[in-house]
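Written out below as C-alpha cells is the structure these notes cover.
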Amino acid sequence: MIVILTGDVGSGKTTLLAGLLKSLSPTSPAPDGFLGVRVFEENQMLGYDLLPLRDGRRLPFLRRAEGAGSAAVGPWRLFDLSLAAAAEIIRTSRPNALLVVDELGPLELEGGGHWPALAAVLDQPGRRFLFVIREACLDGFMRNFAGRIVKIKTIREGLDVRTLAEEIASDVHDR
C-alpha cells in the first residue's frame, strides 16, 4: 500500500506529516524513514535538513550553496553524505514498519536521489509507504507506481487538516 500526501510548495505537507506521525498508534511499529525540514536563518530559507525518524539527528540535505554536493535540482545542491544516509535509511527500513519518505521530486523522477533505494524495497510483500510528492510531480510518479495500490491525499486551502490526518492514519494502518 502506498499513501501519497501531495500539495503545492509551502502547503504544509511536512507539517501535517510530522503531526500525523506523533498521532500514530503506540501499538504499531515505529515508522521508519525521514522528513525534509526547512532550515531558516533570519527569516530566510537556506534549504532543507534530513530528519531521520529513528534518531532525530538532523543532517544538512539541500542548500543553495555552491559545492554542497554532486547532485543538483535547479539552484539547489544535495549533500552527498545526507543522500547516502537517506538511501541507507530506506534500504534498512523494517518491512513491518511504515516507510515515510519526505519528499520525492524531479531528481527521483529521473531515477536519481532516493529512487534507486526505493526501487529495491517497493515490491517487498506487505510493505506500507507514505510518500510526500509535490502536485507538479504526481503524474510522473503514478507511472512509476503502476499496478500498485495507491491512495492520494491532497492538501488544499480550506481543507480540514485534522480530517485529512485521520484519513491518512487510517490508510497507513490498512494491511
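Each stretch of four or more DSSP H residues adds -39500 (n - 2.57); spread over every residue of the chain, this sum gives -9500 deg cm²/dmol at 222 nm.
Within the range 1-60, list the trypsin sites (Lys or Arg not before Pro) lying in a DSSP loop whose Cβ has at most 13 other Cβ atoms in a 10 Å radius. Display every interim value, and only then the final one.
Details: sites: 13, 22, 38, 54, 57, 58; in loops: 54, 57, 58.
Sparse-neighbourhood loop trypsin sites (Lys or Arg not before Pro): 57.
For the chain, the share of DSSP beta bridges that are antiparallel, to the nearest 5, is 45%. Amide H contacts of residue 152: 4, each under 5 Å away and 5 or more positions distant or on a separate chain (H built 1.01 Å from N in the peptide plane; Pro and chain starts excluded). Taking amide H positions as modeled 1.01 Å from N, with prolines and chain starts lacking one, the residues under 5 Å from residue 39 and 5 or more places away or on another chain are 46, 47, 48, 49. Helix 135-144 axis versus longest C-alpha principal axis of the chain: approximately 60°, rounded to the nearest ten.
If the segment from residue 8 to residue 167 were pulled out straight at 0.36 nm per residue, it would be longer than the present Cα-Cα gap by 55.3 nm.
Taking the Kirkwood radius as Rh and the Cα radius of gyration as Rg, the chain has a ratio of Rg/Rh equal to 0.94.
A Gaussian network model of the chain, with springs between Cα atoms under 10 Å, assigns the largest mean-square fluctuation among 87, 146, 18 to 146. For residue 145 and residue 44, a Förster radius of 25 Å and the Cβ-Cβ distance give a FRET efficiency of 0.10, rounded to the nearest 0.05. Site-free segments of the chain were taken between GluC sites (Glu not before Pro) in DSSP loops having at most 16 other Cβ atoms within 10 Å, sites themselves excluded; the longest one is 111-156. Here residue 71 and residue 135 are evaluated by their C-beta separation; at R0 = 22 Å the FRET efficiency comes out at 0.45. Computed from the C-beta positions of residue 24 and residue 92 and an R0 of 22 Å, the FRET efficiency is 0.65 to the nearest 0.05. Taking amide hydrogens as placed 1.01 Å from N in the peptide plane, the amide H of residue 93 sits under 5 Å from that of no residue at least 5 positions away in sequence or on another chain.
May I ask you to derive the relative contact order of the range 2-173, considering only C-alpha pairs under 8 Å and at least 6 residues apart, and to give it as an integer percent?
After rounding, I find 31 percent.
No lab work stands behind these numbers, since they all come straight from the coordinates. Treat the numbers as computed from the prediction; the structure is a model and nothing was measured. No Cβ is skipped: glycine too gets one built from the backbone with ideal geometry, and neighbour counts run over all protein chains shown.
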